[in-house]
Every structure is written in C-alpha cells, then in structure tokens.
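Each value in this text was obtained by applying a stated rule to the coordinates, not by laboratory testing. Quick caveat: nothing in here was measured; it's all calculated off a predicted structure. Note that we place each Cβ from the backbone using ideal geometry, even for glycine, and neighbour counts take in every protein chain shown.
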Amino acid sequence: MSTAPAPAGGANGLARRGSRRADDGFHLLSRLAGLTVLVVLGLITWSITKEAIPAFRQEGLGFLTSRRWAPNEGADGIFGAWSFIFGTFFVSLIALVFAVPASVGIALFITELAPPRVRRVMTFVMDLLAAVPSVVFGLWGVSVLAIKAPGFYEAIGSPLSAIPGMGGVFGGPYNGKSFLTAGFILALMVTPIITSITRDVFETTPRGQKEAALALGATRWEMIRGAVFPHSRAGMIGGVLLGLGRAMGETIAAALVIGAGQTTGVRLFASGDALAARIANEFGEAEGAWRSALIGLGVVLFAMTILVNLAATAIVGRAGRKGS
Amino acid sequence: MAATASAHSTKRRSITRSSISGGRRVRNSLATMLIYVAVAFALLPLAFVLYYVVSEGLGVVDIGFLTSELPAQVRRATGGIGPAIVGTLVITGFATLLAVPLGILGAVYLNEYGGTSPLAGLVRFLSNVMAGVPSIVMGLFIFTIYVIPRSTGEKSAISGKAGGLALACLMLPIVIRATEAMLRLVPGELREAAYALGTSKSRTIVTVVLPAALPGITSGALLAVARAAGETAPLLFTIGTARQFNWTLGGPNTALSAQIFSNAQTGFPAALDRAWGAALTLIVLVLLLSTVARIVAARFTVR
C-alpha cells in the first residue's frame, strides 16, 4: 500500500475518470478522519491550558509545589496542587502493589497452568471485570467496603504501627475512606488491563525455550523464571506503566472512597485526595479562579498520564518488535 | 538464550527428575499456590461486587422504578430512574453516531492508505496516546471548548449534546484501534482479486474489505459503546442535571452513571437504594452490549 497519491488518469475514459475522482475523494475523507485524532489532541492541550493559565499565573510554581488548597481564602483563593499530585501517585502505587502480582499470577495461570476450558472461563471473567463501570466499583467501595474496613484496618494497622519507623505508615486514625481503600478499588480496575498485556507477552515466549528448560529438568516455576520472565520483562514493564496511567486518571471510584483530605504523608489509612477526584468533587460549585485552578489540576493530570503512557508505548513497542 | 543459561547451570543442578531437591520442589509448589491466590484475589472482589449489585439492586428494580421520573428530593424513597435510562441511551447513541463512522474511516486510512508512512505512524501513535487520556480530562476539554464559549448570559450550553461529544472523544481511539486490528486480518488476496476485476480502490474497500471485517468492527464498536455507557467522569460537567425525561440532545440531561455517582455521594439510605438499582440496570445494559460484542466476534471472526 503505497502512500503516494495515485497519478491522475490521463487518457482514461470518462467512467474511469469518475471513479478515480471518487477514489481520491474517499482517500482524502479517510485521511481527514485519521487526522481528527491529531486535531482533537491538539485542541485538548490548547483549550484546557488556556483556561488554566489564570490559575498558573496567580500561583506560579507554587501551583505544583504548595500543599495548601484553600479556594475560599483571600480574594482569589489559594491553590497548591502538591497534596493531590502526591495522592495521585500514592494511590496509584498502592493499586499497583496489589494489582501487579495478581495480574502476573492470573496471566501465568491462564498461559501456563489452566486447562483450555478453564482458560476460556478465566479470560471471560477478566473481560467481565474490565466491563464493570468504575462508578459501580465506587458505589460498592463507599457503601460496603468503606463501612466494613475501619475495624479490619485497625486490627492489622495497630500491631504493624508498633514496628519502629512504621508508626506513620500504619498509624491511625483508621478511616474507611482512605488511600488504602481507594488503592484497593483502583487495583480491581487496573488488574484486567495489566493481565491482558502480560498474558499477551507471556504467550509470545518461544515454545522451544520453554521446552528446552523443561527438558533440562527445570520445574515449572524454574521454567517460568528462566524462560518466560526474561523474555517478557519489557512487555511486563510496559503493561504495568499502562496500568499506572489508567490508575492515575481513574476518577469516579477514587472520588467516592479516597476521603477528600489533604494528606502529603505516606499514611495508608489517612484520608487524602487525588487530582481527578478533587476535580470531580469540587467542579460543580467552583467559579472564577477556583474553576481555573481545577482545570489546572486537569492539565497537570493530562501531562502526567501522557508521560507515563508514552513511556509505556515505547517499552511495549520495543518489546513487541523483539518478541516477534 | 534461556536454554544455554540452564545448560551452564547443570554444574549445580541435577538433570534427572527423580533427584529434584526438596527445596526446588517446595519452591515450585509455593509458586503454584501463589498463582492460585492471585486468581482468587481477582475473583473474590468481583464476586462480592456482583453479589451486592444483584442482591441490593433486585430489591429496588421494578417496572415503576425503571419508568418513573427522578424524585424531587434524593432523600425520599420515591420515584425511579427512567430519565437516566433515556439520558444514557440518547447521549451514548449520539456519541456512537459521531465516533464509530469517524473511527472506522480513520482506521481505513491507517490500514488501507497510510500503511507505514510517517503520517500514518503519527496518527497511530497519537491514537494510542489519546486512548490513555483520562476520561475526566475529556470532560474538561468539552467544558472548555464547547460549554464555555457557547454559554451566553442566562443560556448554558450544558446539554446531552456536550456529554455526547465528550464520550465520542473517549470512544474514537478505541474504535480506531479495534477497527485497524480487524482490517489487518483481511487477507490481501481479497483486495487483489477485487483489483484484478477492475474495481477501484475505494469501491474495493467499501464492498470487499469492510464487509469482510464487519463482525470484528461491530464487536470493537460495541465494546467502545459499552465502555462509554459506563463512564461518569466526562458527563460530570457537561450534561447538568435533569429530573424529567429528555429525549433530545438539547438542554440538561442525566445518565445512569451520573445518578449512581450523585446518589452514592449523598449517603442517604433511600439514595443508596436508588444507586444500587441504577447500578444493576447499568451493569445489565453494559454486559448485554459486551456479550453481544463477544458473540458477534466469536461467531464471525475472519480467518
């Protein structure tokens, strides 16, 4: 399929010329459709940045580094996004701590352990997990998990907080709506994504390498460590980064269970907030500088997810080329 | 590579199965066990969530609930979610009409015309990037580019149409990627056969390539629709709120996902009941769409 436009028909008949015109028209139309992606991405960048500039001007670099967010203070309010940026990363990392081992395990189960019928059922279940809307997870999180969690959190948190140096991480108060609850809910949402990518790269492990390992007397686990993991490392990292990007951008579930606090410490059971959740919770009542600052949070989130996704695409792309 | 590594390590390891040391055997069983734990980790919460949605939802959902207007006060256990169902259908339908044809055409460009050209590479790359843009950013985007400029004085541009635009932005990259993958599966011989008969390229694409890939494209589009129907974040600042049925794209509207979110936020028992009912309705809708998508894909896959 060459990209050069077809040469214009010179001595062709009228009918032929008509169809050539239709051909060129269709080509142009489809190319324009492809270009909308470029246009929309450009417009997103331009239009949200434009609306956020008043807030950036007002706060300067403090918009990123200050942890004080007080929309009703002073004439125009004070807007520092640091606690939300911190919260976004912290919650996403908690989500990955749960989701990555689970996803790798499920992917290994599907590719190495399960008989074909179970494999199909498991794939279906992961699709089901991916299809559940995030607001439903949020509803479950806020009306079931967040209510039952505090007792459980205290039971595991208070002995662990007695370990020297761990008092902050595991210390109270033990909130049902907290970083940990939000991280757990997000983990459920990114698990299908990471699983499907790791499963795909595991499946590209050459059969010969796996059989060679087994023939040399390796146990199944040694075969996985010696043949499957080294082959899939780049793809797995890419998949994890894609999951991270998704977790950072996930809004609704986090908005319901993260607790809307302003915590900047590594404290699992504290109420915190993430960028997307703060936008969702405050946008309805925001006006003027406040609204501009919330759109500014959107710009920061947009930039962060783009960076993470670029890294993921680069790594997955390289892995794909090496794998095939 | 792994094979040679293992070969070197035979100095340390015996190669006969009978002499597998206890430690190695234990480690193997332990790893197998951990894999099962991982599977349970995903299955248990999913089972819990579905159990709650079905058991709490079934107690709420009946014909009256599905067809009544929303209550004037969320605290009250009256009314239903009829307008939200209508809103979800209208808004998602509009988004589908925008995103699916555009996405299919874009994928046609990528696979049939662009191929490996730099421009096609760029578009392909950017649609990956766009697929990763958080859905709430799509909502902010439509708010800043559509709602703000078009709102004048008393009249706000917040409407089902704005929500549909935001959802369409979300769906576009999904449709493009799914369609391109399906077009790639159409064998080149089909195209060549059509060319050999003197068919023009555009006609070949419309009458041969697209029909051959149609089942796959349909299932990809349905998955995108299912994803969009479940989204809340892009609708938060674009559709406003409505209590009555609104079958049009103009004016404020509401949606199932938005109702679940706002009811869950209030925490009143009656509101939570309504949220569970709406959640059951939404899940049934989404699962119906994705199951149809999977059946279509499995039944008619191009081989």
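Note on A:Ile147 and A:Ile163: the extension gain reaches 3.1 nm, defined as 0.36 nm multiplied by sequence separation minus the Cα-Cα distance. With q set to 0.05, 0.12 Å⁻¹, the log10 of I(q)/I(0) for the protein assembly as shown, from the Debye formula over equal scatterers at the Cα positions, is -0.25, -1.32. Among A:Thr204, A:Thr305, sorting on how many other beta-carbon atoms sit within 10 Å of each Cβ, with the fewest leading, yields A:Thr204, A:Thr305.
Take the Cα of B:Ala196, step 7 Å toward its Cβ, do the same at A:Ala22, and the gap between the two points is 2.3 nm.
In the protein assembly as shown, helical runs assigned H by DSSP with n ≥ 4 each contribute -39500 (n - 2.57); averaged across all residues and rounded to the nearest 500, the mean residue ellipticity at 222 nm is -23000 deg cm²/dmol. Spread over its residues, the convex hull of the C-alpha atoms of the stretch B:80-255 is 122 Å³ per residue.
Starting from the Cα of A:Ala70, move 7 Å in the Cα-to-Cβ direction to define the label point; list residues of the stretch A:255-277 whose amide nitrogen is under 17 Å from there. Taking a point 7 Å out along Cα→Cβ of A:Ala70, the residues of the stretch A:255-277 whose backbone N falls under 17 Å are A:261-264.
Across the stretch B:226-295, counting alpha-carbon atoms alone, Rg and Dmax equal 13.1, 40 Å. In this rough spin-label picture, where each label sits 7 Å from Cα along the Cβ direction, the B:Ala298-A:Thr45 distance is 4.3 nm.
Over chain A, the ratio between the Cα radius of gyration and 2.2 N^0.38 Å evaluates to 1.27.
Using every pair of distinct Cα positions in the stretch B:115-214, the Kirkwood expression returns a hydrodynamic radius of 16.4 angstrom.
P(r) for the stretch B:163-303, from all Cα pairs and a bin width of 10 Å, is 11, 29, 27, 18, 10, 4, 1 %, short bins first. If R0 is taken as 35 Å, the Cβ-Cβ distance between B:Ser21 and A:Phe89 corresponds to a FRET efficiency of 0.25.
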